[in-house]
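Read the structure below first, then the notes.
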(Lines give C-alpha, C1' and ligand atoms only; values in the text may rest on other atoms or scores of the structure.)
Protein backbone atom coordinates (compact mmCIF):
# COMPACT_ATOMS: atom_id res chain seq x y z
CA UNK A 1 0.00 0.00 0.00
CA UNK A 2 1.35 3.41 -1.01
CA UNK A 3 0.53 6.37 1.22
CA UNK A 4 0.81 10.12 0.78
CA UNK A 5 0.25 13.03 3.15
CA UNK A 6 -1.99 15.84 1.91
CA UNK A 7 -3.12 18.80 4.00
CA UNK A 8 -2.28 16.85 7.14
CA UNK A 9 -4.24 13.76 6.04
CA UNK A 10 -2.79 10.35 5.20
CA UNK A 11 -4.27 8.97 1.99
CA UNK A 12 -3.85 5.76 0.05
CA UNK A 13 -2.47 6.27 -3.45
CA UNK A 14 -2.26 4.28 -6.67
CA UNK A 15 0.85 5.50 -8.50
CA UNK A 16 0.59 5.15 -12.25
CA UNK A 17 -3.18 4.65 -12.08
CA UNK A 18 -4.51 7.68 -10.18
CA UNK A 19 -2.67 10.98 -9.83
CA UNK A 20 -0.87 11.29 -6.51
CA UNK A 21 -2.00 14.41 -4.60
CA UNK A 22 0.60 17.17 -4.53
CA UNK A 23 1.23 19.88 -1.93
CA UNK A 24 0.52 22.63 -4.48
CA UNK A 25 -3.15 21.59 -4.42
CA UNK A 26 -3.37 22.42 -0.72
CA UNK A 27 -3.74 26.07 -1.80
CA UNK A 28 -6.94 25.09 -3.59
CA UNK A 29 -8.26 23.56 -0.36
CA UNK A 30 -7.39 26.74 1.58
CA UNK A 31 -9.08 28.98 -1.00
CA UNK A 32 -12.20 26.81 -1.00
CA UNK A 33 -12.54 26.54 2.76
CA UNK A 34 -12.32 30.34 3.07
CA UNK A 35 -15.55 30.48 1.08
CA UNK A 36 -17.46 27.86 3.06
CA UNK A 37 -19.39 29.03 6.11
CA UNK A 38 -21.79 26.73 7.89
CA UNK A 39 -23.87 24.36 5.82
CA UNK A 40 -22.76 24.12 2.21
CA UNK A 41 -22.89 21.72 -0.69
CA UNK A 42 -19.49 21.36 -2.33
CA UNK A 43 -18.53 19.55 -5.53
CA UNK A 44 -15.00 18.25 -6.12
CA UNK A 45 -14.77 17.54 -9.85
CA UNK A 46 -12.09 15.12 -11.03
CA UNK A 47 -11.52 13.96 -7.47
CA UNK A 48 -8.81 11.40 -8.22
CA UNK A 49 -7.72 10.04 -4.84
CA UNK A 50 -10.39 12.13 -3.10
CA UNK A 51 -7.78 14.42 -1.54
CA UNK A 52 -9.55 17.74 -2.11
CA UNK A 53 -12.97 16.43 -1.10
CA UNK A 54 -11.66 14.84 2.09
CA UNK A 55 -9.53 17.83 3.10
CA UNK A 56 -12.46 20.22 2.58
CA UNK A 57 -14.86 17.98 4.51
CA UNK A 58 -12.34 17.64 7.35
CA UNK A 59 -11.91 21.42 7.55
CA UNK A 60 -15.61 22.27 7.18
CA UNK A 61 -17.65 19.96 9.45
CA UNK A 62 -21.03 21.16 8.16
CA UNK A 63 -20.19 20.78 4.47
CA UNK A 64 -21.67 18.04 2.30
CA UNK A 65 -19.15 17.14 -0.41
CA UNK A 66 -19.86 15.39 -3.71
CA UNK A 67 -16.72 14.01 -5.36
CA UNK A 68 -16.84 12.97 -9.03
CA UNK A 69 -14.47 11.34 -11.46
CA UNK A 70 -14.86 9.70 -14.85
CA UNK A 71 -12.21 7.07 -14.05
CA UNK A 72 -13.44 4.00 -12.19
CA UNK A 73 -10.04 3.42 -10.54
CA UNK A 74 -10.09 6.94 -9.16
CA UNK A 75 -13.63 6.48 -7.85
CA UNK A 76 -12.65 3.23 -6.11
CA UNK A 77 -9.56 4.84 -4.54
CA UNK A 78 -11.48 7.94 -3.44
CA UNK A 79 -14.08 5.73 -1.73
CA UNK A 80 -11.30 3.88 0.14
CA UNK A 81 -9.86 7.19 1.32
CA UNK A 82 -13.25 8.59 2.36
CA UNK A 83 -13.81 5.45 4.44
CA UNK A 84 -10.29 5.69 5.88
CA UNK A 85 -10.99 9.30 6.91
CA UNK A 86 -14.32 8.38 8.53
CA UNK A 87 -16.25 10.82 6.32
CA UNK A 88 -18.73 8.50 4.59
CA UNK A 89 -21.60 10.45 6.16
CA UNK A 90 -20.61 13.70 4.41
CA UNK A 91 -18.55 12.80 1.33
CA UNK A 92 -20.32 11.07 -1.56
CA UNK A 93 -18.17 9.70 -4.41
CA UNK A 94 -19.79 9.18 -7.82
CA UNK A 95 -18.49 8.16 -11.22
CA UNK A 96 -19.51 10.50 -14.00
CA UNK A 97 -18.65 13.44 -16.20
CA UNK A 98 -17.87 16.69 -14.39
CA UNK A 99 -20.97 17.88 -12.45
CA UNK A 100 -23.44 15.43 -14.00
CA UNK A 101 -23.64 13.16 -10.89
CA UNK A 102 -24.02 16.10 -8.48
CA UNK A 103 -27.49 17.26 -7.40
CA UNK A 104 -27.73 21.03 -7.69
CA UNK A 105 -27.51 23.69 -6.64
CA UNK A 106 -24.00 23.73 -5.16
CA UNK A 107 -22.30 26.49 -3.21
CA UNK A 108 -18.67 25.76 -4.08
CA UNK A 109 -17.11 23.83 -6.96
CA UNK A 110 -13.44 22.85 -6.84
CA UNK A 111 -11.45 21.12 -9.56
CA UNK A 112 -7.95 20.07 -10.40
CA UNK A 113 -8.39 18.70 -13.90
CA UNK A 114 -5.90 17.95 -16.69
CA UNK A 115 -4.92 21.19 -18.42
CA UNK A 116 -1.54 20.63 -20.06
CA UNK A 117 -1.58 20.17 -23.83
CA UNK A 118 -0.89 16.54 -24.78
CA UNK A 119 1.66 17.73 -27.34
CA UNK A 120 3.70 19.24 -24.49
CA UNK A 121 4.08 15.93 -22.62
CA UNK A 122 7.75 15.49 -23.64
CA UNK A 123 8.49 18.81 -21.90
CA UNK A 124 7.23 17.46 -18.55
CA UNK A 125 9.38 14.44 -17.66
CA UNK A 126 8.58 15.09 -13.98
CA UNK A 127 4.99 14.00 -14.71
CA UNK A 128 5.82 10.84 -16.65
CA UNK A 129 4.90 8.55 -13.72
CA UNK A 130 1.38 10.01 -13.51
CA UNK A 131 -1.51 8.65 -15.58
CA UNK A 132 -1.40 10.53 -18.89
CA UNK A 133 -5.10 11.45 -18.93
CA UNK A 134 -4.95 12.90 -15.41
CA UNK A 135 -2.40 15.51 -16.51
CA UNK A 136 -2.62 16.02 -20.27
CA UNK A 137 -5.55 16.85 -22.54
CA UNK A 138 -6.02 17.26 -26.30
CA UNK A 139 -5.55 20.56 -28.14
CA UNK A 140 -4.47 23.42 -25.90
CA UNK A 141 -5.46 21.37 -22.83
CA UNK A 142 -8.21 23.73 -21.63
CA UNK A 143 -11.33 22.13 -23.15
CA UNK A 144 -12.27 20.28 -19.96
CA UNK A 145 -12.17 23.56 -18.03
CA UNK A 146 -14.26 25.23 -20.71
CA UNK A 147 -16.86 22.48 -20.26
CA UNK A 148 -16.67 22.80 -16.47
CA UNK A 149 -17.35 26.55 -16.58
CA UNK A 150 -20.40 25.95 -18.78
CA UNK A 151 -21.67 23.26 -16.40
CA UNK A 152 -20.97 25.44 -13.35
CA UNK A 153 -23.23 28.14 -14.79
CA UNK A 154 -26.17 25.76 -14.43
CA UNK A 155 -25.21 24.20 -11.06
CA UNK A 156 -23.87 27.02 -8.90
CA UNK A 157 -26.24 28.52 -6.36
CA UNK A 158 -26.62 32.30 -6.25
CA UNK A 159 -23.45 33.60 -4.60
CA UNK A 160 -21.67 30.34 -5.41
CA UNK A 161 -18.01 30.08 -6.40
CA UNK A 162 -15.94 28.01 -8.81
CA UNK A 163 -12.27 27.42 -7.96
CA UNK A 164 -9.76 25.44 -9.97
CA UNK A 165 -6.06 24.87 -10.24
CA UNK A 166 -4.16 26.00 -13.34
CA UNK A 167 -0.36 25.99 -13.56
CA UNK A 168 0.02 25.76 -9.76
CA UNK A 169 -2.23 28.77 -9.21
CA UNK A 170 -5.86 29.02 -8.13
CA UNK A 171 -8.46 30.55 -10.43
CA UNK A 172 -11.55 31.83 -8.58
CA UNK A 173 -14.81 32.97 -10.15
CA UNK A 174 -18.11 33.77 -8.50
CA UNK A 175 -21.24 32.82 -10.42
CA UNK A 176 -21.61 36.28 -11.97
CA UNK A 177 -17.97 36.15 -13.13
CA UNK A 178 -18.36 32.91 -15.11
CA UNK A 179 -19.02 34.65 -18.48
CA UNK A 180 -15.71 36.55 -18.16
CA UNK A 181 -13.94 33.33 -17.17
CA UNK A 182 -15.45 31.50 -20.14
CA UNK A 183 -14.18 34.26 -22.44
CA UNK A 184 -10.70 34.10 -20.91
CA UNK A 185 -10.62 30.33 -21.40
CA UNK A 186 -11.65 30.78 -25.04
CA UNK A 187 -8.66 33.10 -25.46
CA UNK A 188 -6.30 30.57 -23.87
CA UNK A 189 -4.16 29.96 -20.82
CA UNK A 190 -2.45 33.37 -20.72
CA UNK A 191 -5.77 35.21 -20.45
CA UNK A 192 -6.98 32.80 -17.78
CA UNK A 193 -3.83 33.26 -15.72
CA UNK A 194 -4.61 36.96 -15.38
CA UNK A 195 -7.63 35.87 -13.31
CA UNK A 196 -5.59 33.54 -11.09
CA UNK A 197 -4.73 34.37 -7.49
Checklist line | Selection from the stretch 106-157 of residues that are modelled with pLDDT of 95 or more, surrounded by fewer than 18 Cβ atoms within 10 Å (Cβ to Cβ) and part of a strand (DSSP E or B) | finding: 157
Check: residue 55: over 19 Å from residue 152 (Cα atoms), surrounded by 19 or more Cβ atoms within 10 Å (Cβ to Cβ), out of contact with any helix residue (DSSP H, G or I) (no Cβ under 7 Å at 6 or more places or on another chain) and in contact (Cβ under 8 Å) with a residue 12 or more places away in the chain, yes or no?
Finding: no
Next item on the list: Output the residues belonging to the stretch 73-100 that are within 15 Å of residue 152 (Cα to Cα) and crowded, with 18+ Cβ neighbours inside 10 Å.
Entry: 98, 99
Next item on the list: May I ask you to say which residue of 64, 100 is farther than 15 Å from residue 151 by Cα and either at pLDDT 95 or above or in contact with a strand residue (DSSP E or B) (Cβ under 9 Å, 6 or more places away or on another chain) (or both)?
Entry: 64
Next item on the list: Return the only residue of 39, 22 being surrounded by fewer than 20 Cβ atoms within 10 Å (Cβ to Cβ) and within 19 Å of residue 155 (Cβ to Cβ).
Entry: 39
Note to self: Need pairs with beta-carbon distance below 6 Å; first residue in contact (Cβ under 8 Å) with a residue 60 or more places away in the chain and at positive phi and within the stretch 149-175, second surrounded by fewer than 18 Cβ atoms within 10 Å (Cβ to Cβ) and part of a helix (DSSP H, G or I); sequence gap 6+ or separate chains.
What the structure shows: 168/24
Margin query: So for the stretch 177-193 (the condition being under 20 Å from residue 25 (Cβ atoms), touching a residue at least 12 places away in the same chain (Cβ under 8 Å) and assigned to a strand (DSSP E or B)), does at least one residue qualify?
Written below: no
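The values are calculated or read from the model by the stated rules, or taken from the named source; none is laboratory data. Not measured: the values here are computed from a predicted model. Quick reminder, even Gly has a Cβ in these numbers, built from the backbone with ideal geometry, and neighbours come from all protein chains shown.
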